[in-house]
Amino acid sequence: MHYRTIFISDLHLGTPGCQANVLLSFLRHNSSDFLYLVGDVVDGWQLRRKWYWPQDHNDVIQKLLRRARKGCKVTYVPGNHDEFARHFVNHQFGDVPILAETTHTLADGRVLWVTHGDYFDVVVKYAKWLAVVGGTLYEFTIQLNRLLAKVRAHFGLPYWSLSAYLKHKVKSTLNHATAFEDALANEAQKRGLQGVVCGHIHRAQIREINGMLYCNDGDWVESCSAMVEHNDGHLELIFWDPLTMEDPAQELIEN
């Protein structure tokens, strides 16, 4: 399927939890004129603790660079887990510009602010040590999740993510405290834009907040989701099936 634009974030390459093969399947089946990498592409926090870089993670990087060489306009906006790339803002990696943030104009004329979103997360901004500890515990639950998925599959039960459930319970409290989503929507409004595209909290959704379009493209650890723009400018969340990798499960959310 060819789209006008694809937004993906929170790949977390360099961690065992990254579902690189699922992402490669998505990239093989879908192309676009524009592609935005909205942060946490490579998990520098995890790689500093322990090196983990299997071949399929390398294949993802090569595929993204190859897509840029073939004419797709790929833009990389780093996040907090790949904050090392922020040292190279306004430079290019191959044919991919690295930007602290940017805007994207939809086909229907609406302009969206594109940012990872971590600057609006008070835990990351003011208590990074807590975010790092949380990331370590999250990675542990991902390992438990793999075991649980195998057991559930053995008994014919559908996929259910323990790590997503636990993270949602914890992060929801933090998000209410920091008003993460409202803060991003309000900032987009202050900038005179029509909405925002972000990642960071691994919760894919498209909704309106006080008249502003809030878009989170999810992640490639659990939800295996991307946001795409069709040629007429309407947006859709796609959840690529992490079990079969054959028939994509799609959810259409129009705005």
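Sparsely packed loop sites in the stretch 1-82 (the chymotrypsin sites (Phe, Trp or Tyr not before Pro) outside DSSP H, G, I, E and B with at most 15 other Cβ atoms within 10 Å) comprise 51, 52. Here residue 70 is the anchor, and the aspartates and glutamates within straight C-alpha reach of less than 19 Å, apart from those fewer than 8 places off in the same chain, are 33, 59, 95. Arranged from fewest to most other beta-carbon atoms within 10 Å of their beta carbon, 212, 227, 1 become 1, 212, 227.
The HN-Hα couplings worked out from phi for the stretch 74-85 by the Karplus form 6.51 cos²θ - 1.76 cosθ + 1.60 (θ = phi - 60°) are 8, 10, 10, 10, x, x, 6, 6, 10, 4, 4, 6 Hz, whole numbers, x standing for Gly and Pro. Distances between placed amide hydrogens fall under 5 Å for residue 3 paired with 31, 32, 33, all partners being 5 or more residues away or on another chain.
Since every read-out is calculated from the coordinates, none of them should be taken as a lab result. Keep in mind it's a predicted model, so treat the numbers as computed, not measured. Heads up, the Cβs are rebuilt from the backbone with ideal geometry, glycines too, and the neighbour counts pull from every protein chain shown.
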